[in-house]
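J.: Take a look at this one; I'll ask things after.
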Ligand SMILES: *Cc1c(COP(=O)(O)O)cnc(C)c1O
């Protein structure tokens with residue numbers, strides 16, 4: 001039904017490929033400046049409320065991981081996209097667990113036992129395995145995420161459900177104070193070392209440098225790659 005974008009100079013944010021390549025070199029340069037190995041940090045393109053054309057362009061430019069917050073949006077947009085890892089980064093509604101497990105490879109936002117129960121059940125019904133991350137709340141104004149104190153217990157619970165827990169995800173505080181941001185990410189890094197796994201998913205467009213300095217292995221970047229999000233999808 002849909003064909004890849006070709007010669008669509010009229011598309012909004014049509015310089016996605018340029019921005020992806022610029023972001024990749026900026027990330028590599030910054031990683032080296034804080035004595036990190038650039039290849040130890042993955043760049044996840046957050047494609048929520050961006051058109052499918054932008055997603056295809058980002059993948060053509062080398063993006064290997066994409067993230068979405070709404071399962072319905074992802075279902076429509078990801079049709080035929082098979083060669084990248086798909087990350088669910090939105091709030092988990094338990095009645096959507098089957099759809100989430102079907103559409104995504106990694107579920108980054110597991111923040112309570114009931115979400116784990118629903119995902120484990122969906123995996124067993126669908127005969128599918130997914131990787132999960134525990135979403136930790138490191139910011140007073142974040143609505144979701146398990147408290148840092150309860151995070152290790154939630155990770156144990158999920159592992160007893162036979163879910164693969166591959167690390168943690170957190171959203172930085174909504175603050176301009178670089179020290180506040182850094183302290184929150186340090187807390188996330190400490191928890192990551194306790195919980196284990198391969199993925200510390202911290203850092204977005206406005207705070208990825210602090211996250212990389214604190215050990216992030218995956219930054220989740222939306223607006224810096226794709227421009228402003230559309231109010232609704234076209
Ligand atoms: C939207 C979103 C992002 C990307 O945010 P930007 O500031 O646009 O880079 C990353 N992580 C989560 C969980 C999000 O919801």
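Laboratory data are not the source of any read-out in this text; all were calculated from the coordinates shown. As the structure is a computational prediction, the values presented were derived from the model and not from experiment. Neighbour counts run over all protein chains shown; Cβ positions are idealised from the backbone, glycine included.
J.: Condition first: free of Cβ contacts under 8 Å to residues at least 40 places away in the same chain, in contact with a helix residue (DSSP H, G or I) (Cβ under 6 Å, 6 or more places away or on another chain) and closer than 27 Å to residue 82 by Cβ. Can you find one or more residues in region 109-116 that meet it?
T.: no
J.: Now for a separate question. When only residues in region 183-215 that are over 21 Å from residue 154 (Cα atoms) and in contact with a strand residue (DSSP E or B) (Cβ under 8 Å, 6 or more places away or on another chain) count, which is farthest from the ligand (Cβ to nearest atom)? If you could, list the steps in order and put the result at the bottom.
T.: Residues of region 183-215 that are over 21 Å from residue 154 (Cα atoms), as a first pass: 183, 203-215.
Applying the additional criterion that residues be in contact with a strand residue (DSSP E or B) (Cβ under 8 Å, 6 or more places away or on another chain) yields 203-205, 208, 211-212, 215.
On the way: 203: 8, 204: 4, 205: 3, 208: 8, 211: 11, 212: 14, 215: 17 Å.
Taking the candidates together, the pick is 215.
J.: Quick one: which of 180, 132 is outside any loop (DSSP other than H, G, I, E, B), away from the ligand (no atom under 14 Å from the Cβ) and surrounded by 24 or more Cβ atoms within 10 Å (Cβ to Cβ)?
T.: Going through 180, 132 in turn, just one is outside any loop (DSSP other than H, G, I, E, B), away from the ligand (no atom under 14 Å from the Cβ) and surrounded by 24 or more Cβ atoms within 10 Å (Cβ to Cβ): 132.
J.: So, in region 224-234, how many residues would count as being surrounded by 15 or more Cβ atoms within 10 Å (Cβ to Cβ) and either more than 13 Å from the ligand (Cβ to nearest atom) or free of Cβ contacts under 8 Å to residues at least 24 places away in the same chain (or both)?
T.: Residues flagged as surrounded by 15 or more Cβ atoms within 10 Å (Cβ to Cβ) and either more than 13 Å from the ligand (Cβ to nearest atom) or free of Cβ contacts under 8 Å to residues at least 24 places away in the same chain (or both) within region 224-234 amount to 1.
J.: Go through region 135-173 and report how many residues are within 16 Å of the ligand (Cβ to nearest atom), in contact with a helix residue (DSSP H, G or I) (Cβ under 7 Å, 6 or more places away or on another chain) and either part of a strand (DSSP E or B) or over 21 Å from residue 212 (Cβ atoms) (or both).
T.: Going through region 135-173 one residue at a time, the tally reaches 5.
J.: Also: Taking residue 117 as the residue in question, decide whether it is in a loop (DSSP other than H, G, I, E, B) and surrounded by 14 or more Cβ atoms within 10 Å (Cβ to Cβ).
T.: Details: in a loop (DSSP other than H, G, I, E, B): no; surrounded by 14 or more Cβ atoms within 10 Å (Cβ to Cβ): yes.
It is false that residue 117 is in a loop (DSSP other than H, G, I, E, B) and surrounded by 14 or more Cβ atoms within 10 Å (Cβ to Cβ).
J.: So, in region 31-56, exactly how many residues are over 25 Å from residue 100 (Cβ atoms) and either surrounded by 20 or more Cβ atoms within 10 Å (Cβ to Cβ) or in contact with a strand residue (DSSP E or B) (Cβ under 7 Å, 6 or more places away or on another chain) (or both)?
T.: 1
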